[in-house]
Amino acid sequence: MTSNSFHLAVMPGEGIGIEVMQAAYVVLEAVEERFGLSFRSEEIPGGAHHYRETGATLPKDGIARAGKADAILFGAMGWPDIRFPDGTEIAPQLDLRVAYGLYAGVRPIRAIPGVPPALADERAKGIDLVIVRESTEGMFVSRGKGEIIDDREARDTQVITRATTEKLTEFSCGLARRRKETRGTPGRVTIVDKANVFLSFAFMRKVFYEAAARHPDIEARHHYVDAMALDLVRRPWDFDVLPMENLFGDILSDLGAGLIGGMGFAPSADIGDANGMFQPSHGTAPDIAGKGIANPTAMILSAAMMLDWLGETRGSQAAVDAGRAIEHSVDHAFGKLGLRSHDIGGSNGTIEIGQTVADLIRSGQADPQ
């Protein structure tokens, strides 16, 4: 029998992470009522301020507790003025990715109706692509392991493995197939690399094509990262699913967010073989923290991604339907009700946006047809 009850590890973090999580809670309460779901939330503290107060970025059992949950819902952690002794920032989300092998960093870049696009071309209203950032290796393998030699040079080493590249490709092809079935997208996967210069990327491309060949219904292509930075501005509507190395995905997903209104509209998921973590792509935003003006849309859409993943992996159609209802309600709120967050020149606050989406879910006004 399928269960519609889920245990969530909730990690609000700090700064606007706490505020946008509150808005997500409002939406999830509406989802519980409307779709017969039940969430048991276990809050786990952590972040830069936790590090300053305790000497640890998370509680001793924080990672283990998070891993026992059905899903991890993460706000934002890190603070510019609080760093490790080596000068790097506190980022527990990176530790969670490594601990649970969350190799697929899914970053949807989708134009939301009513949100002013950055590009003047009419086709910008139809932007709908997904960056799949490999999130456990690449340049990030060197986090905490780099070396400075005699104060004259610094070295970090990139690692690309066959096993992870194959999993990334399999995931990306599966995602492209599902998107084609449910959204009418092309069913195309384009590896983004720098294979013309670096052996590691040439290897990554080779493994990508070998794995993609097992999916003849999916079109496989490649694109150099510098050309992709150009073409995401020139013609982002031409792309579908874009797997890439960790650092490249970190950079290009921010560029993509800029095309659709900013980081406040950019959700994300980090998916592994057994675990999933869902968080907005933005950070803690100390400059606006505590003002109640942070845009919670990315957090709310990350919760929608969580529900979709729980539905697919746990066999709950109610969770899948709830995730789609959240996405449709966000589109309705901005596209038809004229909701405008502060980051796009409006005056609707954090909780107000969450409440508007929640009200639409309860009423069924924006249900998927």
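Give His215, His223 a once-over and let me know the one that is over 16 Å from Pro108 (Cβ atoms) and in a strand (DSSP E or B).
On the way: His215 fails: in a strand (DSSP E or B).
The match here is His223.
Pick from Gly335, Gly364, Gly349: which is open to solvent by 10 Å² or more (accessible area, probe 1.4 Å), in contact (Cβ under 8 Å) with a residue 40 or more places away in the chain and in contact with a strand residue (DSSP E or B) (Cβ under 9 Å, 6 or more places away or on another chain)? Write out each step before concluding.
Details: Gly335 fails: in contact with a strand residue (DSSP E or B) (Cβ under 9 Å, 6 or more places away or on another chain); Gly364 fails: in contact with a strand residue (DSSP E or B) (Cβ under 9 Å, 6 or more places away or on another chain).
Of the residues listed, the single one that is open to solvent by 10 Å² or more (accessible area, probe 1.4 Å), in contact (Cβ under 8 Å) with a residue 40 or more places away in the chain and in contact with a strand residue (DSSP E or B) (Cβ under 9 Å, 6 or more places away or on another chain) is Gly349.
Checking the conditions here, which among Glu53, Glu32 is under 16 Å from Leu310 (Cβ atoms), in a helix (DSSP H, G or I) and free of Cβ contacts under 8 Å to residues at least 12 places away in the same chain?
On the way: Glu53 fails: under 16 Å from Leu310 (Cβ atoms).
None of the other options fit; the residue is Glu32.
Taking strands (runs of 3 or more DSSP E) that do not extend beyond region 89-175, which have at least 3 residues that are outside the structural domain of Ala195 (by the TED database) and of a type outside the set (Asp, Glu)? Please lay out each step first, then the result.
Details: elements: 104-110, 128-134, 147-149, 153-155.
Once the strands (runs of 3 or more DSSP E) in region 89-175 are filtered for at least 3 residues that are outside the structural domain of Ala195 (by the TED database) and of a type outside the set (Asp, Glu), what remains is 104-110.
Check whether at least one residue in region 68-77 is open to solvent by 10 Å² or more (accessible area, probe 1.4 Å), under 23 Å from Gly138 (Cα atoms) and either at pLDDT below 95 or within 21 Å of the chain's Cα centre (by Cα) (or both), and report yes or no.
Checked against the condition, which is being open to solvent by 10 Å² or more (accessible area, probe 1.4 Å), under 23 Å from Gly138 (Cα atoms) and either at pLDDT below 95 or within 21 Å of the chain's Cα centre (by Cα) (or both), region 68-77 yields at least one hit.
Does Ala202 qualify as being small (Gly, Ala, Ser), open to solvent by 60 Å² or more (accessible area, probe 1.4 Å), in a helix (DSSP H, G or I) and more than 21 Å from Leu232 (Cβ to Cβ)? Explain how you work it out, then say what you get.
Details: small (Gly, Ala, Ser): yes; open to solvent by 60 Å² or more (accessible area, probe 1.4 Å): no; in a helix (DSSP H, G or I): yes; more than 21 Å from Leu232 (Cβ to Cβ): yes.
Criteria not met by Ala202.
Residues being touching a strand residue (DSSP E or B) at 6+ places or on another chain (Cβ under 9 Å), open to solvent by 40 Å² or more (accessible area, probe 1.4 Å) and aliphatic (A, V, I, L, M): count how many of those fall in region 267-304.
Total satisfying the criteria: 1.
Taking Ala154, is it open to solvent by less than 40 Å² (accessible area, probe 1.4 Å) and either more than 23 Å from Leu232 (Cα to Cα) or not small (Gly, Ala, Ser) (or both)?
Values: open to solvent by less than 40 Å² (accessible area, probe 1.4 Å): no; either more than 23 Å from Leu232 (Cα to Cα) or not small (Gly, Ala, Ser) (or both): yes.
So Ala154 fails the test.
Report, ordered by the first and then the second residue, all pairs with beta carbons closer than 6 Å, sequence separation of six or more or different chains, a first member in region 1-20 that is free of Cβ contacts under 8 Å to residues at least 40 places away in the same chain, and a second member that is surrounded by fewer than 18 Cβ atoms within 10 Å (Cβ to Cβ).
Matching pairs, first to second residue: Ser5/Ser38.
Return the only residue of Pro59, Pro117, Pro85 being over 26 Å from Phe171 (Cβ atoms), at pLDDT below 95 and surrounded by 13 or more Cβ atoms within 10 Å (Cβ to Cβ).
Testing whether each residue is over 26 Å from Phe171 (Cβ atoms), at pLDDT below 95 and surrounded by 13 or more Cβ atoms within 10 Å (Cβ to Cβ) leaves just Pro117.
Can you tell me which residues in region 131-144 are modelled with pLDDT of 90 or more and either touching a Ser or Thr at 6+ places or on another chain (Cβ under 8 Å) or under 18 Å from Asp331 (Cα atoms) (or both)?
Initial filter on region 131-144 (modelled with pLDDT of 90 or more): 131-139.
Selection gives Ile131, Val132, Arg133, Glu134, Thr136, Glu137.
Give the residues of region 305-326 that are open to solvent by less than 10 Å² (accessible area, probe 1.4 Å) and of a type outside the set (A, V, I, L, M), sorted by residue number. Explain how you work it out, then say what you get.
Here is the first cut: in region 305-326, the residues open to solvent by less than 10 Å² (accessible area, probe 1.4 Å) are 306-307, 310-311, 316, 319-320, 322-323, 325-326.
If the condition is that a residue be open to solvent by less than 10 Å² (accessible area, probe 1.4 Å) and of a type outside the set (A, V, I, L, M), then Gly311, Ser316, Gly323 are the ones that fit.
The values are calculated or read from the model by the stated rules, or taken from the named source; none is laboratory data. What you are looking at is a predicted structure, and each value in this text was computed from that prediction instead of being measured. Ideal geometry is used to build each Cβ from the backbone, glycine not excepted, and the neighbour counts take in all protein chains shown. For the accessible areas, the whole protein counts, side chains as well, though only heavy atoms, and no ligand, DNA or RNA atoms are used. Shrake-Rupley method; radii C 1.70, N 1.55, O 1.52, S 1.80 Å.
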